[in-house]
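The values are calculated or read from the model by the stated rules, or taken from the named source; none is laboratory data. Predicted, not measured: the structure shown is a model, and the values here were computed from it. Cβ coordinates were reconstructed from backbone atoms using ideal geometry, including for glycine residues, and neighbour counts include every protein chain displayed. Accessible surface is based on the protein model in full, side chains and every heavy atom, while ligands, DNA and RNA are left aside. Shrake-Rupley method; radii C 1.70, N 1.55, O 1.52, S 1.80 Å.
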Amino acid sequence: MNDYQNQEYHSVSKKNTETPGTAGQIPSADNSIQIDNTIQTGNISHADGHTSQTGNISLADGHTSQTGSASHTGDNPTQTSQPWVFTPAAPAAPQPNSLSEEEKEKRIRHFRLFSMTSVIYALFYTFCLYKNASGITYPFFTGGTLFCFFLSLKKLGISAKKDSVFYVIAILLLGISTFCTDNSYIISMNKAGIFVLFFVLMIHNFYRDSQWNFSKYMKSIFQTIFGSIGVIGRPISDFSLSMKSRKEEKENKQTYGQYIFIGILISIPLLFVVMMLLCSADMVFASIVNDIFSSLQIPQNFFSICWTIIFSFLASYCILAYLVKKTMKEEVADKRTGEPVLAITVTSILSVIYLLFCAVQIIYLFTGSMELPTGYSYAAYAREGFFQLLFICLLNLCIVLICLGRFKEHKALKAIMTTISLCTYIMIASSALRMLMYIKSYDLTFLRVFVLWSLAVIFLLMTGVLTNIYKERFPLFKYSMVVVTVFYIAFSFSHPDYFIAKYNISQILDNPDEYHDALYLTYYLSADAAPAILNEETLLQLLDTSSEEGGITENGQISSRIAMNSWMGEYALRKSIHIELIEEKGTKVRTFNLSRFIANQYITQFWERLDNPAEEIS
């Protein structure tokens, strides 16, 4: 109760104590209860269980008096009132969904600033990417997305940070790489990289993240993604607020737009009923209407296009709406509260095992000076375990990061983490050596190349972690981001399929009597490998080795029968069909891809060199 309520409460209590009679009763000349005409803020509960509302008094007969008055106990003048108890009222709870005027103004301003921008971006997104995973429009999509983002920052009055240039260049390069390759793995990883880089770019410009660590950044990315999904209803609610605001602004002006819109909505079902009746009444009219609507067929992709537009509109609007709220804390709490003895116990046991394993690698694998178990060849020993070691290296990286981020600093723990890091270097070397020996025996595949790339990246990441052990302020996340981004961009532009085909073909030509996996070259390599497989000089050598008759006819052309029965002919046919199917999904201009264009040139030359091109279909 506030002071005003206390004063009124004591006023009533004073009258009750000064009036003679039974305790709790306030008799008067007419046996009614007299209360000063003042506002009482509180509830008064009577002995019979009735409770009066704020400022009211409820008595024995169930009557309720209003503030400043009371009802008597009944018709019997000798009947006395019952005791009552004063109960303070709870404060009124605020409405959970109510918005302050300031918040409403912010949301109205946000809608007016970004609604049309989001609509234009959604149309642009659909044009670039609808059924077009790797066409020439992809670099334009990445450039347009960056332009929309920085335009939005300018509208919000936020200056882009200077080091955003790195993320911009990386995103644009990945967009170009997607247009230049036909490898589905590279395309998928490019898109994942663009997705992560773009979220880091947005968070970096909206928040002060100079002191953020690795876990904070990963958490903020997921928080932004799910937070944007959580405000998926914002476009509708912001639109409603904007319309109400416009109505208030134009309440003195005559406007007919809303009435026209309502009239159209009312006319649609009415028109449907009238048309049905008229068509049933006159067959000639029905025939005319049928001809009109048959010429207005809805395109087959209409609904999927609409869904793409809606999805991209909601994504662009909601992500920006969530970031503008700035709900994530910029401060990074020191979570290194764990007892270091626990981490020392776990990691010391692992370190002993790692040291023993590394000793075995040095003695058996690197030097080969020890005798292997019976029935176990050195080649077989070297060609196994690289995937397991790759996993262990990743596990060690995570273990050291957890120890750095969750446990208190301790000299012994630092020494053990250093030991684990150094052992990881030996494991990386062991895994790489095993993989190289395996490749020598079984040729290259995309996965084997990717393992070697991953080991090189882990080596550099482990170097950053090792630095962070002794240099607390080392920017590990930014270092990791730069290393992974730069190495991956180089990997994506290198066209691994081309080098895989070139290496494997050289192995086939150098060792024709040995087994080589031609099926992998035929069915698993993308159009990126066409310049290596359908190269004229290489192709003639392969045809000569694949057939005793030779692949060249007397007039210098390639034998269609031999070529189409070879794995090279099968590869050319499959890639030709693959390119045609992609072009059928969308216009050739949108789906134009540099790698597929070059491959198509080689395939066309291959068909032209056949002595009977008609046989290529069979």
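Taking the Cα centroid of segment 268-283 and of segment 199-226, what is the distance between the two, rounded to the nearest whole Å?
Each part reduced to its Cα centre gives a spacing of 58 Å.
In whole percent, and with a 1.4 Å probe on the protein chains, what portion of the accessible area of segment 426-525 is carbon and sulfur?
Taking all protein chains in place, segment 426-525 shows 66 percent carbon and sulfur surface.
Show me the ranking of peptides 386-396, 428-438 by mean Cβ neighbours inside 10 Å, starting with the highest.
428-438, 386-396
If I ignore ligands, DNA and RNA and count only protein heavy atoms, how much of T419 is accessible to a 1.4 Å probe, in Å² to the nearest 10?
40 Å²
Ordering V289, V274 by accessible area with a probe of 1.4 Å, largest first, what comes out?
The ordering from most to least exposed comes out as V274, V289.
Modelled label-to-label distance, I229 and V346, 7 Å Cα→beta-carbon offset: nm?
Placing both labels 7 Å beyond Cα along the Cβ direction yields 2.8 nm.
Probe radius 1.4 Å, ligands and nucleic acids left out: which of L241, L543 has the largest accessible area, and how do the rest follow?
L241, L543
What FRET efficiency do you get for S210 and E339 if R0 is 22 Å and r is their Cβ-Cβ distance, rounded to the nearest 0.05? Present the calculation step by step, with values, prior to reporting the outcome.
Details: r = 30 Å, r/R0 = 1.35.
For S210 and E339, the calculated efficiency is 0.15.
Could you pull out the pairs from K191/K216; K219/K408; K326/K478; K162/K588 whose alpha carbons sit more than 32 Å apart here?
K162/K588
Quick one: which residues, 5 or more positions from G338 or on another chain, have an amide H under 5 Å from its amide H? H modelled 1.01 Å from N in the peptide plane, none for Pro or chain starts.
The list, which skips near neighbours in sequence, is F407, K408.
How many nm is it between the label spots at I598 and L156, if each spot is 7 Å from the Cα in line with the beta carbon?
Reported label-point gap for I598 and L156 is 4.0 nm.
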